[in-house]
Amino acid sequence: MSSELAKIMNFPSHPVEFFKQILQAANKGKPAGSIQEMNLATVDEEFGVLNRTVLYRGLTRDNFVFYITHRYTRNFKNLQANPNKAGITFYWTNVRDSDGKESTWQVRLIGATAVQLPESELDALWAKEDLAAKIRGHICPCGQPIDHDELKTKHDQFLQEHLASGKPIPRPDSYTAFKFEPQRWDFLNVAINQIADRVQYRLQANGQWESMHVST
Ligand SMILES: Cc1cc2nc3c(=O)[nH]c(=O)nc-3n(C[C@H](O)[C@H](O)[C@H](O)COP(=O)(O)O)c2cc1C
């Protein structure tokens with residue numbers, strides 16, 4: 001039996017730089033085009049809180065995490081109703097550091113405000129969606145009970161008509177994206193038989209990030 005305290009060393013002064021470093025280490029060796037998920041928590045009128053997995057789509061030009069959704073989802077409705085009450089978690093195990101040591105990372109965006117991306121940016125994002133995602137955007141009533149056979153008929157018909165038309169699938173009005181502006185970034189690191197260390201970056205009134213170790 002052994003026990004030690006983890007210590008996060010040499011972290012950059014900007015949290016997004018730190019996030020990029022961890023993301024890169026976590027995805028090292030994965031095939032190009034692998035997906036990266038994140039967990040998004042929102043305030044929900046019916047359930048109080050609601051979380052779900054969404055795809056991390058990268059960073060906006062102004063360096064904020066963003067994702068894509070449809071206006072008919074609860075996550076959209078929740079963020080529209082309470083844009084400044086969002087939380088995001090990333091979690092990776094077996095991340096190798098530069099010495100080859102494996103550890104677990106949790107990265108959280110705390111107290112985040114969700115800001116919709118402008119319409120002008122959506123066409124380029126839509127163009128990159130795969131075919132199934134494009135069809136889903138047109139045929140799926142998110143969260144409603146469905147009859148599988150009926151939905152399959154609808155899907156197959158949509159696909160056939162699309163292939164026969166030879167035209168691109170238009171971007172539905174429901175398609176949208178949000179970026180997240182957090183008040184805090186929280187990085188937790190731990191390995192086997194360790195007590196975790198956390199580094200937290202807190203946004204100051206002057207727009208600067210203050211960073212500190214915080215207890216787990
Ligand atoms: C791997 C994975 C990726 C997902 N990515 C997204 C996404 O990027 N956007 C999204 O709205 N839902 C995504 N979903 C579906 C959500 O988890 C959720 O089921 C859906 O958005 C409905 O959630 P709601 O309760 O907010 O309406 C994904 C699910 C999985 C398992």
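The values are calculated or read from the model by the stated rules, or taken from the named source; none is laboratory data. None of the values given here were measured: they were computed from a predicted structure. For neighbour counting, all protein chains shown are included, and Cβ atoms are generated from backbone atoms with ideal geometry for every residue, glycine included. Surface areas here come from the heavy atoms of the whole protein model, side chains and all, with no ligands, DNA or RNA. Shrake-Rupley method; radii C 1.70, N 1.55, O 1.52, S 1.80 Å.
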Exercise. Do we find a residue being in contact (Cβ under 8 Å) with a residue 60 or more places away in the chain, basic (Lys, Arg) and surrounded by 13 or more Cβ atoms within 10 Å (Cβ to Cβ) anywhere in region 188-211?
Worked result: yes
Here, strands (runs of 3 or more DSSP E) confined to region 1-113 with at least 2 residues that are farther than 20 Å from Ala133 by Cβ and within 16 Å of the ligand (Cβ to nearest atom) are 37-44, 48-55, 86-96
**Prompt:** Quick check, is Thr153 polar (S, T, N, Q) and assigned to a helix (DSSP H, G or I)?
**Reply:** yes
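Consider region 141-167. How many of its residues are in contact (Cβ under 8 Å) with a residue 40 or more places away in the chain and away from the ligand (no atom under 16 Å from the Cβ)?
Let us first name the residues in region 141-167 that are in contact (Cβ under 8 Å) with a residue 40 or more places away in the chain, namely 141-143.
Remaining after also requiring away from the ligand (no atom under 16 Å from the Cβ): none.
Of the residues in region 141-167, 0 are in contact (Cβ under 8 Å) with a residue 40 or more places away in the chain and away from the ligand (no atom under 16 Å from the Cβ).
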(1) over 15 Å from the mean Cα position of the chain (by Cα); (2) open to solvent by 80 Å² or more (accessible area, probe 1.4 Å) all hold for Tyr91 apart from (1)
Residue hits (region 130-149; part of a helix (DSSP H, G or I) and open to solvent by 60 Å² or more (accessible area, probe 1.4 Å)) are Leu131, Ala132, Arg136, His138, His148, Asp149
